[in-house]
Amino acid sequence: MKDSQANIQPNKETSVIGNIGIHNKPAHKKTRTLRFGGAAILALGSIALATQNAQALSPLAIVNGITSSGGVGVSKDILYGDQPSQDLDIYYPKPLAQAMKSQSATNTSYPMVVFVHGGSWESGNKEQYAFVGQSLAKAGYVTAVINYRKAPEHVYPDYVKDAAQAIAWSIENATSLHADPSRLAVMGHSAGAFNAVAAVANEDFFGALWY
């Protein structure tokens, strides 16, 4: 299992935001509304964590470790569940990363995207889709690129449950990331697109996080 703090790995394309403060948070019920339109799935509302072992963010600690570069900011390997493969990377638009680094006050709330990678449910990882997080952050979106459990060790519906849990975590922590939970889209590639649609369209997965 990953450490209780996010493990930050610098790369050449992005600034790095490290030392994410985390704390355990019990699940509780909150209302939510889902809307479907085109290729995007909008999740509206504030959603509680489904597991007490997922990581919630500390707004004050998140500013630590930002470095300056021509790219965007990223926080690496944040757990949204209690399994090693239930983690995600958060990519920040450059103006937001700069404001966080300087600890400047910002009233801007960014739209957010949760992206689920492809790989036939057997392969692939969030690192291979870093370009998605970087591209969307450059376009002005706070972006979560997630990992999930895979076959053959894990079969349906485990990976769909993981997608639902990552979406719930993202909405719950959106305000700490300077993102607007009422403007959250879910995207995916190939198997990840299936996971994304199934996670929000079927109450057995997404609805289970409240009841």
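FYI, it's all coordinate maths here, none of it is from the lab. Model, not experiment: these values are computed from the prediction. Cβ atoms come from the backbone with ideal geometry, glycine included; neighbour counts cover every protein chain shown.
If you check 191, 179, 97, which single one turns out to be within 14 Å of the chain's Cα centre (by Cα), in contact (Cβ under 8 Å) with a residue 40 or more places away in the chain and crowded, with 17+ Cβ neighbours inside 10 Å?
179
For the range 110-154, how many residues are surrounded by fewer than 17 Cβ atoms within 10 Å (Cβ to Cβ) and either polar (S, T, N, Q) or farther than 14 Å from residue 195 by Cβ (or both)?
Matching residues across the range 110-154 total 12.
Examine the range 121-128 for a residue that is at positive phi and among the aromatic types (Phe, Trp, Tyr), and state whether such a residue exists.
Scanning the range 121-128 turns up at least one residue that is at positive phi and among the aromatic types (Phe, Trp, Tyr).
Residues of the range 118-137 being among the small types (Gly, Ala, Ser) and either touching a His at 6+ places or on another chain (Cβ under 9 Å) or more than 13 Å from residue 89 (Cβ to Cβ) (or both), which ones?
Result: 118, 119, 120, 123, 124, 135.
Could you check the range 116-145 and list, in sequence order, the residues that are in a loop (DSSP other than H, G, I, E, B) and basic (Lys, Arg)?
Scanning the range 116-145 gives no hits.
In the range 146-169, what residues are of a type outside the set (A, V, I, L, M, F, W, C) and in a helix (DSSP H, G or I)?
Result: 158, 159, 161, 162, 165.
Quick check on residue 173: is it in contact (Cβ under 8 Å) with a residue 24 or more places away in the chain, among the polar types (S, T, N, Q) and either out of contact with any His (no Cβ under 9 Å at 6 or more places or on another chain) or over 21 Å from residue 85 (Cα atoms) (or both)?
Answer is yes for this residue.
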